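Down below is the structure, laid out as structure tokens.
The values are calculated or read from the model by the stated rules, or taken from the named source; none is laboratory data. On a predicted model such as this, the values are computed, not experimentally measured, just so you know. With ideal geometry, Cβ positions are generated from the backbone for all residues, glycine too; neighbour counts draw on all protein chains shown. Surface areas here come from the heavy atoms of the whole protein model, side chains and all, with no ligands, DNA or RNA. Shrake-Rupley method; radii C 1.70, N 1.55, O 1.52, S 1.80 Å.
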Amino acid sequence: KVNKMLKPAILYKEELIKKYQNTWFDEDYKYYHSSYERTPNIESDTWNYIQFVSLDDNNEVIGYLRANIARTNMSISSLGIINFSDDILTFGRDLHEFLEFLLDVKKFNKINFNVVVGNPIEKSYDLLIKKYNGRVVGFYEKDYLINNEFHDSKIYEITRENYLESKKNKK
């Protein structure tokens, strides 16, 4: 079950696209836009994608969460995660809820995703991986060009098995 702050992105398509487009030339989003399309394709296709928006208490879009599904091994091949607000607490809670939805409800085998090394969110992803017994799989050198400088990327993996083990250890 998904919490009340996460809703299917398609229901908020116009608002989401406007929020997204407002980040195009914002230096704070340079790492995100180095690796994702300029305007999100909000899909009605839930076979290949899972897309949610994160909402605040006023029912306004504060973030976007996307998972690309690899059906050949029932895994998530990449994540798109963007917070449009300063509400780190709500968005962080929704991100955890999203990951738990993928691993608990949809029972995907694993989640693979990456981050541009140097992105301020990298430290938070490292903590997230630790919390869910995930791991850093490796690095790609000079994987993204941002402001005419090459940056490496770090690849993460969370398996469902390790995630379930982390839940047991919390109890």
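So the values come out like this:
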read-out: Accessible area per residue in Å² at 1.4 Å probe, computed on the chain; value: 58 Å²
read-out: Within the accessible area of the chain (1.4 Å probe), percent carbon and sulfur; value: 48 percent
read-out: Listed residues S78, S44, S166 arranged by accessible area, highest first, probe 1.4 Å; value: S44, S78, S166
read-out: Listed residue pairs exceeding 20 Å between alpha carbons, taken from K30/K123; K13/K110; K123/K154; K7/K123; K107/K167; value: K13/K110; K7/K123
read-out: Residues whose placed amide H lies under 5 Å from that of V117, excluding near-sequence neighbours; value: D152, S153, K154
read-out: Rounded to the nearest 20 debye, dipole of the stretch 1-141 from Cβ charges on Lys, Arg, Asp, Glu; value: 660 debye
read-out: Accessible area, probe 1.4 Å, largest first, for residues S77, S54; value: S77, S54
read-out: Stretch gain in nm, segment T39-V137, where the contour uses 0.36 nm per residue and the Cα spacing is subtracted; value: 32.4 nm
read-out: Between the stretch 43-88 and the stretch 138-171, the Cα center-to-center distance that results, in Å; value: 17 Å
read-out: At R0 = 25 Å, FRET efficiency that the Cβ-Cβ distance of E165 and S124 yields, to 0.05; value: 0.70
read-out: Hits among lysines - C-alpha to C-alpha of K170 under 17 Å, sequence gap 8 or more where chains match; value: K130, K131
read-out: Hz values of 3J(HN,Hα) by residue in the stretch 86-91 - Karplus curve (6.51, -1.76, 1.60), Gly and Pro given as x; value: 8, 7, 5, 5, 5, 5
read-out: Unit charges at the beta carbon, dipole of the chain: most positive-side option, A67, N41, N169; value: N169
read-out: Relative intensity, log₁₀ I(q)/I(0), of the chain from a Debye sum that treats every alpha carbon as a point, q = 0.10, 0.13, 0.14, 0.16 Å⁻¹; value: -0.37, -0.64, -0.75, -1.00
read-out: Residues of the stretch 54-68 with amide N under 13 Å of a point placed 7 Å along Cα→Cβ from K7; value: 54-63
read-out: For the stretch 27-79, Kirkwood radius (reciprocal of mean inverse C-alpha pair distance, Å); value: 12.8 Å
read-out: Longest exposed-site-free window of the chain, the sites being chymotrypsin sites (Phe, Trp or Tyr not before Pro) in a DSSP loop that have at most 14 other C-beta atoms within 10 Å; value: 48-171
read-out: Length-normalised contact order for the chain - Cα pairs under 8 Å, 6+ apart - percent; value: 18 percent
read-out: Longest to shortest principal axis, alpha-carbon extents of the stretch 11-56, angstrom; value: 33, 24, 16
read-out: Distance (nanometres) between label positions extended 7 Å along Cα→Cβ at W24 and N147; value: 2.1 nm
read-out: For the chain, built as a Gaussian network whose Cα springs stay under 10 Å, the top-fluctuating residue of I88, I76, I50; value: I88
